[in-house]
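Have a look at the structure below before the remarks.
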Amino acid sequence: MAEHSAYSRLEAIFRKSGILGDALAMLGGDMSAMMPEGGAEARAEQLALLKTLAHETLTAPDMSDLLEAAKAEDLDPWQR
């Protein structure tokens, strides 16, 4: 598969989304279990920013074009 194929670009986008989700889960769990006194406001800002980045990653304007282009690529059954 070409390094810059639509499918490989989608893989990178979903990898980024997964990493953001992991960070959100870790910070959210930390907030529930070990939030230092006075840290809630800063943690809320961190979570809000990461949620925004995660949303923007998956709703970027070129996502529909990448999905359509990936359909036309020579993908194995698992990738489809």
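The values are calculated or read from the model by the stated rules, or taken from the named source; none is laboratory data. For clarity, every value in this text was computed on a predicted model and none was experimentally measured. Glycine also receives a Cβ, built like all others from the backbone with ideal geometry; neighbour counts cover every protein chain displayed. Remember, those area values only see protein heavy atoms, side chains included, never the ligands or the DNA or RNA. Shrake-Rupley method; radii C 1.70, N 1.55, O 1.52, S 1.80 Å.
Scanning region 4-47 for residues that are open to solvent by 100 Å² or more (accessible area, probe 1.4 Å) and under 30 Å from D74 (Cβ atoms) returns H4, R9, F14, R15, K16, I19. Within region 53-71, take every residue that is free of Cβ contacts under 8 Å to residues at least 40 places away in the same chain and not acidic (D, E) and give me the one that is surrounded by the most Cβ atoms within 10 Å (Cβ to Cβ). Among those that are free of Cβ contacts under 8 Å to residues at least 40 places away in the same chain and not acidic (D, E), it is A54. For L50, the requirement of being open to solvent by less than 70 Å² (accessible area, probe 1.4 Å), modelled with pLDDT of 95 or more, more than 30 Å from L75 (Cα to Cα) and not β-branched (V, I, T) is met.
Which one is nearest to A12 (Cα to Cα), of the residues in region 25-71 that are part of a loop (DSSP other than H, G, I, E, B) and of a type in the set (A, V, I, L, M, F, W, C)?
As a first pass, look at region 25-71 and keep what is part of a loop (DSSP other than H, G, I, E, B): 35-39, 59-62.
Pick out the ones that are also of a type in the set (A, V, I, L, M, F, W, C) and you get 35, 60.
Values: M35: 32, A60: 13 Å.
Filtering region 25-71 for residues that are part of a loop (DSSP other than H, G, I, E, B) and of a type in the set (A, V, I, L, M, F, W, C), the one nearest to A12 (Cα to Cα) comes out as A60.
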